[in-house]
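In what follows, a structure is listed as structure tokens, so that the remarks can point back to it.
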Amino acid sequence: SQQGEEDPQALSIQEGENATMNCSYKTSINNLQWYRQNSGRGLVHLILIRSNEREKHSGRLRVTLDTSKKSSSLLITASRAADTASYFCAGGYQKVTFGIGTKLQVIP
Amino acid sequence: GAVVSQHPSRVICKSGTSVKIECRSLDFQATTMFWYRQFPKQSLMLMATSNEGSKATYEQGVEKDKFLINHASLTLSTLTVTSAHPEDSSFYICSARKDTSELFQETQYFGPGTRLLVL
């Protein structure tokens, strides 16, 4: 089963610009997490936001959570070429399932 | 930090053979572990939830006799792909949920993945 959808599914921006990715989820969640995955590699945990939180920051990352709309957004500011990767949101209560992901390309 | 290892990282096998993949939480206890499968350019699909000391819970469409899961200790879960076929070729990722009593802080830590190629 899939948790939800990320929007957009693909995003191409210039280095230095901000990238915003959205995620909608279906089930109840304990917390929501964002991960990145470079092509053919494992997952890297970026940030966790608890269900009773609305916004969280970590370095160049900003995550929001709207439990009434069952949606979250990930903002990467001042993007770099090294940010090129696929980004997934994941959440759940007893088990965590993933969205379909956003493929981000940052052009130098 | 919490570390999860997987072994092997990469395996090539002949069609019809069985392959075992290990998932270990190295510095924490995990009553619950999860197995995911990822096909190229797709997202991670949850296959099953593995609970220490009890039978695994499989997601709809996942054959329990094909993908045998054993969670014999609080730090080790194994996935055995039995009678593997080329269509089982995929990237298998495990995760371990760190046991905690802190509200909303349950989080899963992911292993680096195992790439299986069945010839």
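The values are calculated or read from the model by the stated rules, or taken from the named source; none is laboratory data. Keep in mind that this is a model prediction, so the values were computed, not measured. Cβ coordinates were reconstructed from backbone atoms using ideal geometry, including for glycine residues, and neighbour counts include every protein chain displayed. Each accessible area value is taken on the protein alone, full model and side chains, heavy atoms only, with ligands, DNA and RNA left out. Shrake-Rupley method; radii C 1.70, N 1.55, O 1.52, S 1.80 Å.
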Using +1 on the beta carbon of Lys and Arg, -1 on that of Asp and Glu, and nothing else charged, what's the dipole of the protein assembly as shown about the Cα centre, debye to 20? 220 debye
Can you tell me, using C-alpha contacts under 8 Å and at least 6 residues apart, the relative contact order of chain B as a whole percent? 36 percent
Which is the longest stretch in chain B that no exposed loop site breaks, taking sites as trypsin sites (Lys or Arg not before Pro) with a DSSP loop state and at most 11 other Cβ atoms within 10 Å? B:42-119
Trypsin sites (Lys or Arg not before Pro), restricted to the range A:12-108: which are DSSP loop and have at most 14 other Cβ atoms within 10 Å? A:41, A:54, A:60, A:69, A:80
Calculate how large, on average over all directions, the projected area of the Cα convex hull of the protein assembly as shown is; give the answer in nm² to one decimal. 12.2 nm²
Which of A:28, A:68, A:39 moves most in a GNM of chain A, Cα contacts under 10 Å? A:68
Given the options B:30, B:48, B:72, state which has the largest fluctuation in a GNM of chain B using a 10 Å cut-off (strictly under) for Cα springs. B:72
Accessible surface, the range A:1-100, averaged per residue in Å² (probe 1.4 Å): 47 Å²
Using only alpha-carbon positions, what ratio does the radius of gyration of chain B give when scaled by 2.2 N^0.38 Å? 1.02
DSSP-assigned coil residues among GluC sites (Glu not before Pro) in the range B:24-119, each with at most 13 further Cβ atoms within 10 Å: B:63, B:102
Enter the per residue convex hull volume of chain A, computed from alpha-carbon coordinates, in Å³ rounded to the nearest integer. 89 Å³
From other protein chains only, count the Cβ atoms within 10 Å of every residue's Cβ in A:97-104, then give the mean. 3
Along the Cα→Cβ direction, 7 angstrom out, place labels at residue B:14 and residue B:63. What is the inter-label distance in nm? 2.0 nm
Quick one: dipole size for the range A:48-98, taken about the Cα centre, charges +1 on Lys/Arg Cβ and -1 on Asp/Glu Cβ, in debye to the nearest 20. 60 debye
